[in-house]
Structure formats: structure tokens, C-alpha cells
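Just below is one structure, and these are the notes that go with it.
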């Protein structure tokens, strides 16, 4: 196969990848988009296979990879998608490191003069991004699985430490670029070790809901790692694909940060706990009114329009199927039921949408915050399930609050709000929520799944013919 | 803060534990014309959920349209007469303060036993003899009129819930005696001007009156010495009358305080001027522990148009209007003066429901049936308890009550004003300059092949930026898994590094990279397809 033919195949693959991402803009076209991506990958693979060698090794690696990938993808629970994405990010990072080392050991093209230096710079940067992506993603997975504490773990003098590590990484670049013999290899290895620790320290310092930003960011890094590999291998397809993935992760991180009204730097450099404990906490005067499932049933019976606002608590309690079933029952009674999703609800962008889709909730009643906020004043009943900071009125009304200015779901505008929550503890941001003390707010304490199942059970009995009434 | 823990005692369990269950007694009200009752069938059910057994005197709910059979259906026991009810009950819930019982021919206070608790309106300041008499009986008495007006006690605040109904009813009484429509219309038969209503004193009753008058279509103006209520008045669509005077009348407990003479003079001038203009005046001004302030003088009433109506909600405390006759409706020079003192009782069904709920919340705060007890450390219970085991505990020690903080929904959105300060010009220039320098450096030193790659990279980044912004937020998770899959394209790097020599380090590294990338491709595309299959309309 001629080189030009391979290049043409790569151009086609690039176009297919772009069309694939464009297809994801609408749920209707998303499946076709995914198939276009698979087609692009197949073309790129076939073209590369035609010009490469060592087929037995290739077939072995690919066979094993496909097997593990398919197994993982078919078994992963939708609630565990953040871990899955983080794990896949880490693989790309590690692959970029390995490609970088291999490329250093034997450059794919004969180089001379200035090109050698440029090539080594590309390798150095590629390995750096790759290893940070790898170790950072591994820590993210460990945090999401609860293997290490999910709160922000801050080392003493960590800013000095991180700056010191970055300095060492930059300093090791000189022997790598200029020395001969074994020295560059040692420098590259040392840099990889330091950068690996750097990735660990950075992600350890980020906790809770900020994980969504980190996962998007690592997604972006995995793209940049691919792009860096493209630079060192002189391969435009890798560069284009890496750039697409890099922008995608960057946009998602940006959306997440905007959803929390925090700057990117603020999220990456500091845990939320720091700022919250520094600010004076406003004590809230008043009492929360607790309720029971029976009263919630009465409210649901009399409401004509219901909005459900889910948060990470719903995912933790695995309550989405019961919530979906309640939605179906209420809709069959002719009531308007919709979902309102805050951009940072859950542990990754779009997490809630996937959980609801899994539970068979039609996607056209799942609305974004901006789409539903205007309708909330005319809503009879809002059910808040496991969300806290995203429905906190102090973000809008209390300029002294640590979350002031963060866009929130204005659920308090509705006639009645029922909050399903385990206890009165504050949310991830450590801010008291005045919503719970409002006169039109009722608190339904307890495990979200137990309570939602209780509501569902009573709702289905009251719907059944009169025999149920006689029993009551 | 206290959170009333959900007391979910199943009703059946109460029946089993019959000997231990505390009994709540609901006697029939004996005050002439009183139609309210201290528990409705609905609140009786809630009392049972708290673990109480509920006894109801026969016909107790008749005035409020609750039949004995409705109470029986709610699981209450009907008791034939007041004496046996008082005898059987551990806790007696009443509306009006105890007085001479016409059929038993003895004072209700004498029915109170030392181990019994009475919850009712008492008005200890106005009725010192009654307080003495009750204390002599040795029992415990909680006065619903003494619930402190702090936010934590709002759900117990019967004064507020009754005032709310009184304010609404005041408008209804005024409308039924006013010879014109409240709403303005132009009809074929001629023009109907809207009624003008002035509400003086914007407490709970005043707000309810404003809301009711407004929804009947009247033009409503309101006055209060406390400037904090201005926004609430305006949020109901009424006009807030202001004196241009530097004095705020916010006193403690949400009431107004006594104002300076100069302020009162200005206020009276405003009322005199308004009296000539408005059709209906509703006054609700009260100062705790004092006679109601005189706001509408005889001359003002005389200056009102014939057919106008004055409703004096302060009639029982002496009246805000000089000519008010408490408990009566009189005609004064063509102006109807309504001094009725039983307005909540005139909406007996709704008023009983609200009062009953206040009592349920109180009994729940007292620990329900199982842990029933008077906790004198609790600020709210302390203030409400006027006699504890025969000891007069009224008045309670003073408590610090904060001025009513503006509620979140009425507070001005100050947050919007805190826009970030514009950055100085040099920081805006920082990034363009740095990027420019980087471009110059690359242009000077980078080799040609690098430039081609950079071009591709930058253009692809911009293209990605445009394409990704169109992705629907609901698909962000599938987007991430698809990008996971396509970043597996790094396999082509691994593939090109694998050679026939299996032992070479490059082949090993390449093979591992190929393996990892393939996991990504297979896993990413497959999990995306799995997710996308779930999305349906």
C-alpha cells in the first residue's frame, strides 16, 4: 500500500471522527454518530495494519484488548460510569508514555540537526502529559471507588511541593535534550517518576463534586497525550483526534466550572473545604418541617405539575428505577412530570441523564437547569432527591456565601418543595441550606431508595381499584 | 434548631398498648357563639399517629360542620358529657379560655386535675384571676396565646393562624355590608368604580386582608409603622403608604412599638386625608400588653363617605376606631362600623383545622404520647407554659428575639450586584502578548515539519471546539466515552513500533500500548452504544 493511500485513509478517518462527534449533538443522531466513529477507527486501523509488521504480536495484543474492553463495557453499571471513563483515560495516558519511550529508543524516522532536539522535546512533553494523565486518573478511580478518601487530601506546603516538582521536571529536560549515552534515558525515567507523583498529588487535593471537573480535565489530557504522540510520530491523524478529544474535555471542564461559578484554577488548586471554613457561616434561624411518605402521596395526588430534581444522592441510593416508575404512574394520571438537571449534578457531566435514560425515563422530559428554571414558579410540587448545593437559595441571595453567584435550580419558587435527604448535614460545599427551613419546604428524612420505594408502593396501591381503599 | 423527628407509631400499635396510651380530650366549646373546636377528624388522626388516644365530647364539632360520626370514623371515642370527658382525659385541648360551664353549673377551671394538662387560649395578662384559679387546681396549663413569636415556633403560632383567617374574614364581612362591587368594570349599563380599601397594620391579619381585598379586585393601600413590611405589601400588589419620617416602628416579636408623638401626629394626618378618599378601612394595629392604639377618630369616621365600612380587628383590645362597639356591627352616620370579635369562629371549619394543626405540632414538640413531658429548658415550651404543676410560671423570663429577618424569597438579589471588577488593561493584554511571543519563538526556531503539525493541531482544536459546543448536555457522558474510544487511536503509534522481533524492547512497549489502546476502543465504543440505546422518547 502506498504512503499516499494510507494518508488518504487517515483523512477519511479524521472526517468520520468529526462527524461522529457532531452526531452526538442530538439524541436522535447520536447512535449513528457512534457508528461513524467505529467506522473511522476501522479504516484507520486497516490502513495502519497494511503498512506495519509483526502480526502475531499485534493480533495477540488486540485480541486481549478487545476481550477485556468488551467485558468491561457490557458489565459496568451506569452509576459507575465516572470510574469507567477515568480508567479508560488512564489507559490512553499509559499508552502515550509507552509510545514515547519506544520512540526515544528507536526514532521512526531518520533525523538530523535541529529536528533531533524538536523530536526530543515532543517526546519529553508527550511522556509528561501521558504519565500525569495515567496516575491522576488512577487516583480519580480510587477516589470514586472509595479506596482512598474522596474528600480533598491536602499535603502540608503542597504549593511549594508542586512548584518544586515542576521545577525538577523542567530542569531534567536539559540533560535529556543535550547529553549523550545513558544520561538522557535516566533523565526521562526520573522525570516520569516525578511527574507520576505530581499527578497523584494534584488529584488527591481535589474532592467530592469537583471530581466531575477532574474527570473532564483528564479526558482532555488523554486527548493531548494522543496529540503529543502524533507530533513525535509525524502522524496527523493522531494530532487531529487528540485535538478533538482535548477540546471536548476542555469544554466539559469549562461547563462544570461555570456550573459551580468557580474559576478553573480555583478548582485545580484548592479543595472547597478551605474556602468554606474561612468564610463566616451564617446560622439559619427557623425549623425544618419533617413529613412522611403518606403526606407526600397526598401532595402528589393534588399536584398537576411536578418537577423532580435529582442529585448525586439519587445515584448513591440507586433510586433511579423507582423514581422512573413513579414518573410513569403520575404521567399515566395525566400529570405533567419533568426532571430538572443541574450541570454539576452527579460525578461527571451528563451523569444524571444517563441514569434516568437507563431507568427508561424519556429524554424529552429531562430538562436542563436553564430550560426549567422559568417554569418553576408555576410548578405545584418539586421533589429534590439527594441534591443540596445545587438547590441552595443562598447562592442567589447571600453575597457572603461561599457559593454566591453559582447558578442554582430555583426550586423554592414552586408552591411546595419536598426534599428527600438522609439528615440535616450540609452539602459538599459545607454551606447551610436555607431552603430546608422555608415554610413551603417539607423534609422527608431517610434513605432515598427506601422512601422512594415507599412512595411508589403507596402510589400503585391507590391507583389500583377500590379494594385497596377498603383495606386502608 | 429542633427537628421534629417523624413519630411514625402505627395506629394498630396504639390499640394494643391501650392502658399506657395518654388520652387527649376535646370538649365542646361553651363560649356563646364559639363554633370552633380544638381538633378536627383530620388532626385527631395526626394526634393518634403521635400515640394519643382521642376522646371527643358529643357535638363538639357541630359548629364547625364536623359530625360525631366523622370523628368516630377517624378513630376517636365519643364521650357523652363534659364532666366525664375532663375526668377521662390526661390532656385537654380547648379553644376559648375556661369559664363558667352553663350545663354543669361550675367553672371549667375547677375540672382541672393536678395530673392533667390543659392547652387553650388563656390570655394571662388580661385574666389574672383565671390564672390564680387554675393554679389553685394544681395542674399544668399551656397558653396558645403565649407561644413566643420566633421563627422556630411558627408552626405552633395559633395567634398567626387565627389572625390570618380573621384578616380574610374581615374583607368578606366588609364586602357583604358594602353596597358596591369591589372590582371595577365598564359595562353596558355604566361604569362600576373599584372599591378603595385601606389596611392599617400589616401583620398576619393585615396581609391576609390585603390579599383577599386585592383578589376581589379592590384598589388596596396599606400602612404600617414597620418599614420592613413594605416589600411584602408591594409583593401582594398593594400600595404602601409612607410617611416621610425617619423612624422605624419594628419592636420585638414582630410587633410594632409605640411611636414618638411627632410620628403619631403625621400618621393621624395621613389617616384623616385617606379617610375622605377610601371606601373601606380595615384596622389591625395591636401593641402587645397594651390597649390598642386609637387610629381612626370620630371626626375621621364622620368625614367618610356614606356607605363606607370600617372593620376593627382590634375591637377586643379596645379598638383602633373611636366609635367601635366590641362584638357588634353599628351604623354611625351612614358608615358601618364592624367590631366583631369572633371572625375566626365565623370560618369555624378552616379555623379549627389550622388551630388543630398548631396543637398537633405543640403535642409533638412535647414528646408525643410516649415521652410526653414539659421541658422547661426549651425556650418555646417555657414561654407557652403559664402554670407548671400548680406553680404560675407566667410571665416567662425575657428571651432575645431577633427582628424578623427578610425571608430569602423577598430579599433583594444583591448577589447580582457583585459582578467582578473590570480587570486592569495590562492583565487583559497579558495573554495576547504571551501568545504573540510564543508564535514568534516558534516561527524563528521550529523546523518546517513541526509547523505543518502545529497548523493541523490548532485548526483541529478550533474545529473540535465548534463541534463539541453543539453537543446536547444530556449526552455529555456518552460524549466522554466516545472520546475515550477515539483517543484509543494511539494504537496506530503502537502498531508502527511493533516489529517482527518479539524480544526487542520497542516491540514489547508497542504491544502493551496497542493492548491498552484496544481496550479503550472496544470498551469506549461499546459502552457508548449501550448508553445511547437507553435514550428514547
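Among B:181, A:257, B:321, what is the fewest-to-most ranking by other Cβ atoms within 10 Å? Please report the intermediate quantities before stating the final value.
Working: B:181 15, A:257 23, B:321 27.
Fewest-to-most Cβ neighbours within 10 Å comes out as B:181, A:257, B:321.
Going by neighbour counts of Cβ atoms within 10 Å, the residues B:466, A:396, A:258 line up, fewest first, as B:466, A:258, A:396. Relative to the longest principal axis of the Cα atoms of chain A, the long axis of helix A:293-302 makes an angle of roughly 80 degrees.
Using only the Cα atoms, what convex hull volume per residue in Å³ does the range A:84-215 have? It would help to have the intermediate numbers written out before the result.
Values: hull volume 14.2 nm³, N = 132.
It comes to 108 Å³ per residue, whole-number rounded.
Using the Cβ-Cβ distance between residue B:503 and residue B:537 with R0 set to 45 Å, the FRET efficiency from 1/(1 + (r/R0)^6) comes to roughly 0.20. Taking max minus min of the alpha-carbon positions on each principal axis, the protein assembly as shown gives extents of 116, 67, 64 Å, largest first.
Helical runs (DSSP H, four residues minimum) scored at -39500 (n - 2.57) apiece and divided by the length of the protein assembly as shown put the mean residue ellipticity at 222 nm at -16000 deg cm²/dmol.
Where in the range B:264-301 does the label zone of residue B:125 land, with the point 7 angstrom along Cα→C-beta and an amide N cut-off under 16 Å? What the label zone holds, given the 16 Å backbone N cut-off, is B:285-294.
Compared with the dominant Cα axis of chain A, that is its longest principal axis, helix A:211-233 is turned about 20°.
When a/c is below 1.5 the answer is rounded, else prolate if a/b is larger than b/c, else oblate, so apply that to the range B:439-537 with a ≥ b ≥ c taken from the square roots of the Cα gyration tensor eigenvalues.
Numbers: a/c = 4.50, a/b = 1.16, b/c = 3.88.
Oblate, since a/c reaches 1.5 and b/c is not below a/b.
Checking the a/c ratio against 1.5 first, then a/b against b/c, what shape does the Cα gyration tensor give for the range A:341-386? It comes out prolate by the Cα gyration axes. The Cα atoms of the range B:31-163 cover 40, 40, 30 Å along the three principal axes, with the biggest extent listed first. When restricted to Cα atoms, the range B:17-87 yields an Rg and a Dmax of 11.5, 39 Å, respectively.
Calculated over chain A, the projected area of the Cα convex hull averaged across directions stands at 26.3 nm².
A convex hull fitted around the alpha carbon atoms of chain B yields 328 Å³ per residue.
By the count of neighbouring beta-carbon atoms within 10 Å, fewest first, A:455, B:492 end up ordered A:455, B:492. Mean per-residue shielding of peptide B:441-453 is 3, counting Cβ atoms of other chains within 10 Å of each Cβ.
In peptide A:22-32, how many Cβ atoms from other protein chains are near each Cβ within 10 Å, on average?
Details: counts 6, 5, 13, 8, 5, 8, 2, 0, 13, 7, 1.
Mean inter-chain Cβ contacts per residue within 10 Å come to 6.
With Kirkwood's inverse mean 1/r over C-alpha pairs for Rh, give me the Rg to Rh ratio of the range B:80-130, two decimals please. The partial results should precede the final answer.
Details: Rg = 11.0 Å, Rh = 11.6 Å.
Looking at the range B:80-130, the ratio lands at 0.95.
Summary of the geometry: the range A:173-201 and the range B:280-351, compared by the centres of their Cα atoms, lie 90 Å apart. Between residue B:376 and residue B:88, the modelled label-to-label distance comes to 3.3 nm, taking each label 7 Å out from Cα in the direction of the beta carbon.
Partner shielding of A:219-231 amounts to 5, given as the average count of beta-carbon atoms from other chains within 10 Å of each residue beta-carbon.
The slack in the chain from residue B:448 to residue B:269, taken as 0.36 nm per residue of separation less the alpha-carbon distance, amounts to 55.5 nm. When each of the peptides B:167-173, A:177-183, A:210-216, A:301-307 is scored by how many other beta carbons lie within 10 Å of its residues on average, the order from highest to lowest is A:210-216, B:167-173, A:301-307, A:177-183. If you take all C-alpha pairs in the range A:364-405, what percent of them are over 12 Å apart? Here the long-distance tail beyond 12 Å is 70 percent of all Cα pairs in the range A:364-405. Roughly speaking, what % of Cα-Cα pairs in the range A:310-425 are separated by over 25 Å, rounded to a whole number? That tail contains 17 percent of the Cα-Cα pairs. A straight chain from residue B:459 to residue B:239 at 0.36 nm per residue would run longer than the Cα-Cα distance by 73.1 nm. Counting every Cα pair in the range A:1-46, what percent are over 18 Å apart? The calculated P(r) of the range A:1-46 puts 31 percent of pairs beyond 18 Å. Hey, quick one: spin label on residue A:318, modelled 7 Å out along Cα-Cβ, who in the range A:73-108 has an amide N within reach, i.e. under 18 Å? Only A:74-84 fall inside the zone, counting backbone N under 18 Å. With the Cα gyration tensor of the range A:51-135 giving a ≥ b ≥ c as the square roots of its eigenvalues, does the rule (a/c under 1.5 for rounded; else a/b larger than b/c for prolate; else oblate) give rounded, prolate or oblate? Because a/c hits 1.5 or more and a/b fails to exceed b/c, the range A:51-135 counts as oblate.
Only the coordinates and a few stated rules stand behind these numbers; no lab work does. In this text, all values refer to a predicted model and were calculated from it rather than measured experimentally. FYI the Cβ positions are ideal-geometry reconstructions off the backbone, even for glycines, and counts take in every protein chain you see.
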